[in-house]
Amino acid sequence: MDLPRTLISTFRGAAYPVVLTGSGISAESGVPTFREAQTGLWARFDPQELATPEAFARDPKLVWDWYAWRRKLVSEAQPNEGHLAIAAAQETFPNFTLVTQNVDGLHQRSGSSGVVELHGNICRTMCSVEGTEVETYNEGESPPLCPACGAPLRPDVVWFGEMLPYVALGVATEAARRSDVFLSVGTSSLVYPAAALPFEAIENGAMVVEINPGETPLTPHADYALRGRAGEVLPRLIRELSK
Ligand code: APR
């Protein structure tokens, strides 16, 4: 696949590039995307029915155990070429914003800084009542209990039906509204408010580029839809930028 010249030259001249990533970028690191079938023990559960406050209220052990499994997957995974290409691009633009819906911390581990995490981080744990981060707890319990108030602990991630972190969403929205180039990478563009960010960029006249092997609701609105894996397309794109 040849990358269009105008895409490269516009990206190269960007003053406020924004990259939004979703679970597709981590798929090549072995972290299953949310909407694909789970494997092994968890194959019969639907993630969309586990990642909810209602599921946690109904069966906190089930939800904690599922996240413990995902956390283990994430801790064993390594950042891939896609994450590394984004970290390299970040170095070349003074006003680069990286927004992710992923909770796996792989962008940070690949060297990116200032990552705007819209859906939290699976490696952090918080009190389900107080909302405070808890670093030390009894790992033998499922779920462990808050050392301060005794309420069950939960992962610090945004569940379906919950509000996104106010500050992170504000930073992401401002960046999208100011952006001149916006890349949407490995996201199904189905889950709002993240899915609205490229449309904020379009309002601002930004060039919108989608990188995804499949079609999404954003595809017809994007200036370019690069059909391929993030780990293959992003490194090529970043190499072209530096030529
Ligand atoms: N490279 C790029 N894209 C890929 C790759 C890849 N190697 N593999 C899969 N994809 C694409 C799929 O085609 C799909 O469009 O990644 C997308 C993954 O979609 P989802 O699983 O819906 O993930 P995401 O968009 O991140 O979901 C958003 O919803 O489930 C909640 O909170 C969860 O953060 C998540 C949010």
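The values are calculated or read from the model by the stated rules, or taken from the named source; none is laboratory data. Bear in mind the structure is a predicted one, so any value in this text is a computation, not a measurement. Positions of Cβ are backbone-derived with ideal geometry, glycine not excepted, and every protein chain shown enters the neighbour counts. Just the protein is used for accessible areas: all its heavy atoms, side chains included, with ligands, DNA and RNA removed. Shrake-Rupley method; radii C 1.70, N 1.55, O 1.52, S 1.80 Å.
If you go through the range 39-49 and keep only what is under 18 Å from the mean Cα position of the chain (by Cα) and open to solvent by less than 70 Å² (accessible area, probe 1.4 Å), you end up with just Pro47.
For the range 25-38, filtering for residues that are open to solvent by 40 Å² or more (accessible area, probe 1.4 Å) and either more than 10 Å from the ligand (Cβ to nearest atom) or part of a strand (DSSP E or B) (or both) leaves 2. Just one of the listed residues (Leu3, Leu50, Leu20) is touching a strand residue (DSSP E or B) at 6+ places or on another chain (Cβ under 6 Å), within 16 Å of the ligand (Cβ to nearest atom) and of a type outside the set (Lys, Arg), and it is Leu20. Looking across the range 150-162, the residues that are at pLDDT 95 or above and not β-branched (Val, Ile, Thr) come down to Gly150, Ala151, Pro152, Leu153, Arg154, Pro155, Asp156, Trp159, Glu162.
Restricting attention to the range 78-97, does a residue exist that is away from the ligand (no atom under 11 Å from the Cβ) and acidic (Asp, Glu)? Yes: the range 78-97 contains one or more residues that are away from the ligand (no atom under 11 Å from the Cβ) and acidic (Asp, Glu). Please tell me if Gly111 is touching a Leu at 6+ places or on another chain (Cβ under 8 Å), in a loop (DSSP other than H, G, I, E, B) and modelled with pLDDT of 95 or more. In short, yes. Could you list, in sequence order, the residues of the range 195-243 that are within 14 Å of Phe11 (Cα to Cα) and in contact with a Pro (Cβ under 7 Å, 6 or more places away or on another chain)? Result: Val208, Tyr224.
For the range 1-24, a residue qualifies if it is closer than 26 Å to Ala196 by Cβ, open to solvent by 20 Å² or more (accessible area, probe 1.4 Å), part of a helix (DSSP H, G or I) and touching a residue at least 12 places away in the same chain (Cβ under 8 Å), and the qualifying residues are Thr10, Gly24.
Annotation note: Cβ proximity below 6 Å between a residue of the range 170-192 that is of a type in the set (Ser, Thr, Tyr) and a residue that is surrounded by fewer than 16 Cβ atoms within 10 Å (Cβ to Cβ) and assigned to a loop (DSSP other than H, G, I, E, B) (sequence gap 6+ or interchain) occurs for Ser189/Pro217.
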